[in-house]
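To start, the structure under review is shown below, and the notes come after it.
The values are calculated or read from the model by the stated rules, or taken from the named source; none is laboratory data. These figures come from a predicted structure and were not determined experimentally. Cβ placement follows ideal geometry from the backbone for every residue including glycine, while neighbour counts extend to all protein chains displayed. Remember, those area values only see protein heavy atoms, side chains included, never the ligands or the DNA or RNA. Shrake-Rupley method; radii C 1.70, N 1.55, O 1.52, S 1.80 Å.
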Amino acid sequence: MRIFLIWPDPSPEAISLVSGLKQSGHEVVYWTSTIKNEGKFPEIILHDHYDAWAGVPPKELAGAEFDPPGEELINKLSGVESIIMTMMNKHFEGKCVDERKQLYYNQLGYWHGVLNKFKPEAIIFSAVPHPVHSYLIFELARILKIKTLILQNISDIGRLVWFNDFWQGSRALQAELIKNKDRKFTLNDLSEDLKRYYKFYTNESNDPAPGYFKDFIKQSNLKNKLWLMARLTVKSLADFTIFKKVSLYFKKLLISNIQKEYSRFCNAQPDFSKKFIYVPLHYQPECNTSPQGGAFVNQFLMIKIFGASLPEGGKFYV
């Protein structure tokens, strides 16, 4: 089976996956990854994850010419285009709508051409596709009838849930939920690893912050921030985007500072003596709102619809 691998993380598990697929008689044709040792897989087209995100082709296809998308394909993916315009709030926040559309059409033509050229029989994703290129590949695969397999990591547990279409989710999990709907469970029904997980997070003396968040805090120390700023400065000088990025940085710092904006909208302490509904907002941009949220990627819309649906006198805190 000819396989495309959309797997950015160059972890030992990813290397083992590629080796295992080859040993099982499958052919990995194309791999979007951040792996640096390209010589290890000379038979695979390795497309740098961030180049793919930016619409830059791999060196093997740098001179390839693919037809631009026609009106029929564009109309067929009109809903996808709408989602991607919002998805471009990450990495492309400085681009206007017309610039985003042009970038989208370029990527649509490229990936439609690549899929038709190499004709993969299956595409494997390491997570719900939410960077522009991986989400576009997923939606093109659906209309081209190419099989897809998505492996979703369950944070802090060390397990994966697999499904073919993230819009539908895991059918196996859904079937188990239906089967166990009216059953009563105790802690002893859990496996040992899930027992440990449950006991840790129900112990109030433990820090409930997820492991990935703790790692993020460690990586965000002053030393790493300065190193990241230096790398970004060198790259921006090389591609002549330094002035644009500096202006965007000061705009965020002085005008649209997220902490100041949050404080400006905070009201007095809630009245806990009265019933209320709590509505926590999602961090954005992230896949739980784009693409998975659909229209509710706009959380203002979600709040307005929720507020309009409350009974008279109902109250909710955002």
Of the residues in the stretch 20-43, those that are closer than 29 Å to Asn106 by Cα, assigned to a loop (DSSP other than H, G, I, E, B) and either touching a helix residue (DSSP H, G or I) at 6+ places or on another chain (Cβ under 6 Å) or modelled with pLDDT of 95 or more (or both) come to Thr34
Residue hits (the stretch 15-44; in contact with a Pro (Cβ under 9 Å, 6 or more places away or on another chain) and under 17 Å from Phe125 (Cβ atoms)) are Val29, Tyr30, Thr32, Ser33, Thr34, Ile35
Apart from one, (1) among the aliphatic types (A, V, I, L, M); (2) within 23 Å of the chain's Cα centre (by Cα); (3) in a helix (DSSP H, G or I); (4) surrounded by 11 or more Cβ atoms within 10 Å (Cβ to Cβ) all hold for Ile157; the odd one out is (3)
Close pairs from the stretch 269-287: first under 21 Å from Val297 (Cβ atoms), partner among the hydroxyl-bearing types (Ser, Thr, Tyr) and part of a loop (DSSP other than H, G, I, E, B), Cβ under 6 Å, at least 6 apart: His282/Thr289
Inspect the stretch 173-189 for any residue being within 24 Å of the chain's Cα centre (by Cα) and closer than 30 Å to Ile124 by Cβ and give the result as yes or no. yes
Any residue in the stretch 44-66 that is on the phi > 0 side of the Ramachandran plot sitting within a Cβ distance under 6 Å of a residue that is at pLDDT 95 or above and among the hydrophobic types (A, V, I, L, M, F, W, C)? List the pairs, counting only those 6 or more apart or interchain. Gly55/Leu103
I'm checking my understanding of the structure. Among residues of the stretch 1-19 that are at pLDDT below 90, farther than 13 Å from Phe41 by Cβ and part of a loop (DSSP other than H, G, I, E, B), which one is least open to solvent (accessible area, probe 1.4 Å)? Ser11
Where His91 falls short, out of the listed (1) open to solvent by 40 Å² or more (accessible area, probe 1.4 Å); (2) of a type outside the set (Lys, Arg); (3) at pLDDT 95 or above: (3)
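Just give me the residues in the stretch 173-207 being assigned to a loop (DSSP other than H, G, I, E, B) and either open to solvent by 90 Å² or more (accessible area, probe 1.4 Å) or in contact with a Leu (Cβ under 9 Å, 6 or more places away or on another chain) (or both), in sequence order.
Lys181, Asp182, Arg183, Lys184, Phe185, Glu204, Ser205
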Would you say Ser236 is in a helix (DSSP H, G or I), within 22 Å of Tyr50 (Cα to Cα) and free of Cβ contacts under 8 Å to residues at least 12 places away in the same chain? yes
Members of the stretch 48-92 found to be assigned to a loop (DSSP other than H, G, I, E, B) and under 16 Å from the mean Cα position of the chain (by Cα), listed by number: Met88, Asn89, Lys90, His91, Phe92
Only one of Ile150, Ile123, Ile178, Ile146 is over 30 Å from Trp31 (Cα atoms) and modelled with pLDDT of 95 or more; which? Ile178
Do we find a residue being in a helix (DSSP H, G or I), of a type in the set (Lys, Arg) and over 18 Å from Ile45 (Cβ atoms) anywhere in the stretch 107-121? no
Would a scan of the stretch 5-14 turn up a residue that is of a type in the set (Val, Ile, Thr), touching a Phe, Trp or Tyr at 6+ places or on another chain (Cβ under 6 Å) and more than 17 Å from Val132 (Cβ to Cβ)? no
Give the residue, chosen from Phe300, Phe265, Phe240, that is open to solvent by 90 Å² or more (accessible area, probe 1.4 Å), out of contact with any Lys or Arg (no Cβ under 9 Å at 6 or more places or on another chain) and closer than 27 Å to Pro129 by Cα. Phe300
Condition (residue is buried (at least 16 other Cβ atoms within 10 Å of the Cβ), more than 19 Å from Ile146 (Cα to Cα) and touching a strand residue (DSSP E or B) at 6+ places or on another chain (Cβ under 6 Å)) applied to the stretch 55-68: is it met by at least one residue? yes
Single match in Asp165, Asp156 (criterion: under 19 Å from Pro291 (Cβ atoms) and of a type in the set (Asp, Glu)): Asp165
